[in-house]
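A.B. asks: Handing you this structure, nothing more for now.
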Amino acid sequence: MRVTIIGGTGDLGEGLVKRLALKNEVVVGSRNREKALELAQKFKNDIMDQTGFDASIDGEQNETAVKETDAAILAVPYQFALQTAEQVFPTIDREAVFISPVVPMAKTVQGFEYTPSAPKEAIALLLSKSSPVPVAAAFHTLPAQKLANLRLALEMDVPVCSDDQRATETVFHLAKDIPNLRPLIVGGLALSYLVESLTPLILNVSVKNRMHDLSLRFV
């Protein structure tokens, strides 16, 4: 499968690139093509050093990166999510699936807080209203640093929200390409706010209890 990581130069993007490139052809997307190419080569080298595998990773500007792709994952901070989505939607492959791990949150004196004033403002649901392709919400709760370290086992669950069967199946396929990840259906995109709000919860537990790389496992 050809997978584009929009914002593949960020922390979550790096982890997704490295894990998914072990089973897929991956394109690192960025606003800056030169930066995307540079980091694509770095990620290839990291994978070779950690696993001995010669991964297929390329770099490209976001709008070009999504032209011929099977899945596009929006790994950017939520402040830039809608703007970035609007930039890539005109050129995205109409057979692709769009996946949002974006979390609307802010850091306050109390800790990390989920910021939408109502569930209807959940980012995945907003993206679906303007998207020309099926949208799924997934990969919100994966810890970026642990994801990027290929020597570490994950043993985590991936809650998935979508109104489209093909989008759901695509996320399940990608999640299962990463050993020990278990995708689980939550429901439609209207419920994506439930999953998004888990990330600030996990971060607060991590910070206030001095724990690292926390995630979810339903038992």
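The values are calculated or read from the model by the stated rules, or taken from the named source; none is laboratory data. Keep in mind that what you see is a predicted model, and the values were worked out from it rather than measured. Neighbour counts run over all protein chains shown; Cβ positions are idealised from the backbone, glycine included. Protein only, heavy atoms only, side chains kept; ligands, DNA and RNA dropped before computing areas. Shrake-Rupley method; radii C 1.70, N 1.55, O 1.52, S 1.80 Å.
A.B. asks: Please list, in order along the stretch 143-154, the HN-Hα scalar couplings obtained from phi with the Karplus expression 6.51 cos²θ - 1.76 cosθ + 1.60 (θ = phi - 60°), rounded to whole Hz, x for Gly and Pro.
C.D. replies: Coupling constants for the stretch 143-154: x, 4, 5, 5, 4, 7, 9, 5, 7, 9, 7, 9 Hz.
A.B. asks: Add -39500 (n - 2.57) for each DSSP H run of 4 or more in the chain, then divide by its residues: what number comes out at 222 nm, to the nearest 500 deg cm²/dmol?
C.D. replies: -10500 deg cm²/dmol
A.B. asks: When the accessible area of the stretch 137-214 is computed with all protein chains present and a 1.4 Å probe, what percentage of it is carbon and sulfur?
C.D. replies: Numbers: 2030 of 3710 Å².
Its accessible area is 55 percent carbon and sulfur atoms.
A.B. asks: Another question, then. On the protein heavy atoms, probe 1.4 angstrom, tell me the percent of accessible surface of the stretch 41-131 carried by carbon and sulfur. Don't skip to the end; give the middle numbers.
C.D. replies: Values: 2230 of 4540 Å².
The value for the stretch 41-131 is 49 percent carbon and sulfur by accessible area.
A.B. asks: Next question, about the same structure. Counting only protein chains, not ligands or nucleic acids, how are HIS173, HIS140, HIS212 ordered by accessible area (probe 1.4 Å), most first?
C.D. replies: Values: HIS173 90, HIS140 15, HIS212 150 Å².
So, going from the largest accessible area down, we get HIS212, HIS173, HIS140.
A.B. asks: Determine ³J(HN,Hα), in whole Hz, for all residues of the stretch 14-31 in sequence, where each value follows from phi through the Karplus function 6.51 cos²θ - 1.76 cosθ + 1.60 and θ = phi - 60°; x replaces Gly and Pro.
C.D. replies: My calculation for the stretch 14-31 gives 4, x, 5, 4, 5, 6, 6, 5, 6, 10, 9, 8, 10, 10, 7, x, 7, 5 Hz in order.
A.B. asks: Step through the residues of the stretch 203-209 one at a time and calculate ³J(HN,Hα) from phi using the Karplus curve (6.51 cos²θ - 1.76 cosθ + 1.60, θ = phi - 60°), rounding each to whole Hz and writing x for Gly and Pro.
C.D. replies: Result, rounded to whole Hz: 5, 5, 4, 4, 5, 6, 10.
A.B. asks: Each label point is 7 Å from the Cα along the Cα-to-Cβ direction; what then is the distance between the points at ARG182 and ARG151, in nm?
C.D. replies: Taking the simple label geometry, ARG182 and ARG151 are separated by 2.8 nm.
A.B. asks: Continuing with the same structure: Among ALA85, ALA138, ALA153, determine the one that fluctuates most according to a GNM of the chain built with springs between C-alpha atoms less than 10 Å apart.
C.D. replies: Maximum among the listed residues: ALA153.
A.B. asks: If you don't mind, another one. Tell me the label-point distance for the pair LEU198, LYS35, using the 7 Å Cα-to-Cβ offset, in nm and rounded to one decimal.
C.D. replies: Here the modelled spin labels are 3.0 nm apart.
A.B. asks: Follow-up. If you roll a 1.4 Å probe over the heavy atoms of the protein chains, what accessible area per residue do you get for the chain, in Å²? Let's see the in-between values first.
C.D. replies: Values: 10380 Å² over 219 residues.
In whole numbers, the chain has 47 Å² accessible per residue.
A.B. asks: Quick check: convex hull over the Cα atoms of the chain, volume per residue in Å³, rounded to an integer? Please report the intermediate quantities before stating the final value.
C.D. replies: Working: hull volume 25.0 nm³, N = 219.
Dividing the Cα hull volume of the chain by its residue count gives 114 Å³.
A.B. asks: Something else: Mind grabbing the accessible area of GLU95 for me, 1.4 Å probe, Å², rounded to tens?
C.D. replies: Its heavy atoms expose roughly 130 Å² to the probe.
A.B. asks: Here's something else I'd like to know. Here is the link list: LYS67/LYS129; LYS18/LYS42; LYS129/LYS176; LYS42/LYS176; LYS35/LYS107; LYS18/LYS176. Which ones come out longer than 18 Å on Cα distance? Don't jump to the answer; show the numbers that get you there.
C.D. replies: On the way: LYS67/LYS129 20 Å; LYS18/LYS42 10 Å; LYS129/LYS176 28 Å; LYS42/LYS176 25 Å; LYS35/LYS107 28 Å; LYS18/LYS176 14 Å.
Violating the 18 Å Cα-Cα cut-off are LYS67/LYS129; LYS129/LYS176; LYS42/LYS176; LYS35/LYS107.
A.B. asks: When all C-alpha to C-alpha distances in the stretch 64-163 are sorted into bins of 5 Å, what percent of pairs does each bin hold, rounded to whole numbers?
C.D. replies: 2, 12, 20, 22, 19, 14, 8, 2, 0
A.B. asks: Separate question: Set the Förster radius R0 to 41 Å, insert the Cβ-Cβ distance between HIS212 and GLN165 as r into 1/(1 + (r/R0)^6), and round the FRET efficiency to 0.05.
C.D. replies: 0.65
A.B. asks: Could you calculate the contour length gain from LEU22 to GLU68, that is, 0.36 nm times the residue separation minus the distance between their Cα atoms, to one decimal place in nm?
C.D. replies: Residue separation times 0.36 nm, minus the Cα-Cα distance, leaves 14.6 nm.
A.B. asks: If DNA, RNA and ligands are ignored and the probe is 1.4 Å, what is the ranking of MET211, MET156 by accessible area, most exposed first?
C.D. replies: MET211, MET156
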